[in-house]
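Colleague: Structure provided below as structure tokens; questions to follow.
The values are calculated or read from the model by the stated rules, or taken from the named source; none is laboratory data. All of these numbers come straight from a predicted model, not from anything done at the bench. Because the Cβ atoms are built from the backbone with ideal geometry, glycine has one as well, and the counts that use them run over all protein chains shown. Accessible surface areas use protein heavy atoms only, side chains included; no ligands, DNA or RNA. Shrake-Rupley method; radii C 1.70, N 1.55, O 1.52, S 1.80 Å.
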Amino acid sequence: MRHLLPLLLGIGLICATGRAADIGEAPLPSARVAEVVAAISRLLHDRYPLPDIAARYERGLARELKAGRFEGKGPCALAETLTRDLRTEHEDRHLTVRCGAGHADDREAETGPYHGIAAVQVDPDLPVTTIRTPGPWVANEDGFASAAAAMALAARSHYVIIDVRGNGGGNGEIGVFLATYFFPVGQQRLLVRGVHRDPAREEQEWTYGYVPGRRLADAKLYILVDSHTGSAAEGFAFGLQRAGRATIVGQTTAGAGIAGHWEDLPGGLSLFLPTKLLRAPDGGAGWEGVGVRPDVVTEPGQEMATVYDLIRADWPMARENPDFAQVITLPPDRRPSLDTMASPWDTGQPTLPQVERCRLISDDPKDSTVQLMTNVCSQPILLEERRSAAPASLRLITLESGETLASKVTAPGGWWIMAVCPQGYRSSVPVTEENTDPISRGAYACVKG
């Protein structure tokens, strides 16, 4: 199993070219300018993962060089012009020319005061922990220690909010580290794939087999994003959204989805060269150029209030279950489409709020200890049946249109007992703790009642 360890520069870091162009800096000789352009063209031709876009970059550079656009400029002015022209051809938010050493960003990030995690707040009234992580993420000892400390504070929460608004990215290992906490031990998940110019060099980014502290496999996770969420922070939201493990709230993210590294250029310049196109686990499109689209779209500044509204609506029902066991989960092929507001579902994939509206909850009129859940939509929904005590066990149930699920909680650590029948029918075997085995084996008929 291979791990993709991309350097995804923060969007806030790559928009500059190192320092402002000095008005008095000496212009580079024409021959040196030509060397710089030739080196960039060669690197893009050989390494950029999208050949058609690489060809556009090469043509644009050749055209502007011939027109004399790069003449008479010092290193920093030339870097700014090259970056602007390249992004005019195609807006790759990572592709950057810088005067001086590009690796300076890594050193600056390592000396940051909070190592990517700015604050952790544990709600005194609700079982909610909020982790504010504006980045940049640096995969060093302090970066991992800060992330682990934040997750330790969240260890007993039923709801976790991870706020990556304004997080331009950094090293994707921190995102993988955080994501691992939200899956059970032994259930490693593929989050994204990395595709090079040579397709045979595909790399894969999996959750880790071990992270320190308690896993939060049963917690509901919300990730806050905005238009300034970029790069590795986008990958964190994208991977967990596609895994059906998080609800994304906010605005569409920046759309910077090609990892890369720094290359030295002639004349004291450097190039951040994107080389790995990040894609979905099933090989589908990633977030490059389009961003990660939220499950719940809000106006800027309303993300936290919206999440708390969702939590307050969910908590009264959730706390009735001592194991906090039964939750809605969407498989990867049912994650939101490009149009996240599409309704009905046949015009696009469902969002989590749409799925929630499909559940009609009522008490069984013949047994007040049994709760009925009917799928009132025309599409099926997927439910989880989980045991929280060791050994952890999990079963998935698809509730088809019109089907009703009857559930009753057993003693702590036991199964939720479930029977699924079409609307208007009941299980011929009473839904009681004594009948756990026959119901779990499907040894019952659906009868009118």
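Colleague: Taking R0 as 22 Å, what FRET efficiency do you get between Asp314 and Asp367 from their Cβ-Cβ distance, rounded to the nearest 0.05? Don't skip to the answer; put the middle values down first.
Modeller: Numbers: r = 24 Å, r/R0 = 1.11.
That gives a FRET efficiency of 0.35.
Colleague: Using 0.36 nm times the number of residues separating Tyr210 and Lys66, minus their current alpha carbon distance, what extension gain do you get?
Modeller: 46.4 nm
Colleague: If r is the Cβ-Cβ distance from Arg42 to Asp142 and R0 is 22 Å, what FRET efficiency results, to the nearest 0.05? Please list the in-between numbers first.
Modeller: On the way: r = 37 Å, r/R0 = 1.70.
Step by step, r from the Cβ atoms, then E = 0.05.
Colleague: For segment 180-228, report the accessible area per residue in Å² (1.4 Å probe, heavy atoms, rounded to an integer). Could you put the intermediate results ahead of the total?
Modeller: Numbers: 2140 Å² over 49 residues.
Counting only protein heavy atoms, the per-residue value for segment 180-228 is 44 Å².
Colleague: I would also like to ask the following. Give a residue-ordered list of calculated ³J(HN,Hα) values for segment 431-439 (Karplus: 6.51 cos²θ - 1.76 cosθ + 1.60, θ = phi - 60°; whole Hz; x for Gly, Pro).
Modeller: 7, 10, 4, 5, 9, 4, 5, x, 5
Colleague: Which value in nm describes the separation of the simple spin-label points at Lys448 and Val429, placed 7 Å from the Cα toward the beta carbon?
Modeller: Once both label points are built, they end up 2.4 nm from each other.
Colleague: Right, here's the next one. Note down the nm distance, to one decimal, between modelled labels 7 Å out along Cα→Cβ at Gln379 and at Arg441.
Modeller: 3.6
Colleague: Between Gln121 and Glu202, what length comes free when the chain is fully extended (0.36 nm per residue of separation minus the Cα-Cα distance, one decimal in nm)? Each step should come with its number before you reach the end.
Modeller: Working: separation 81, 0.36 × 81 = 29.16 nm, distance 3.88 nm.
In short, 25.3 nm is gained.
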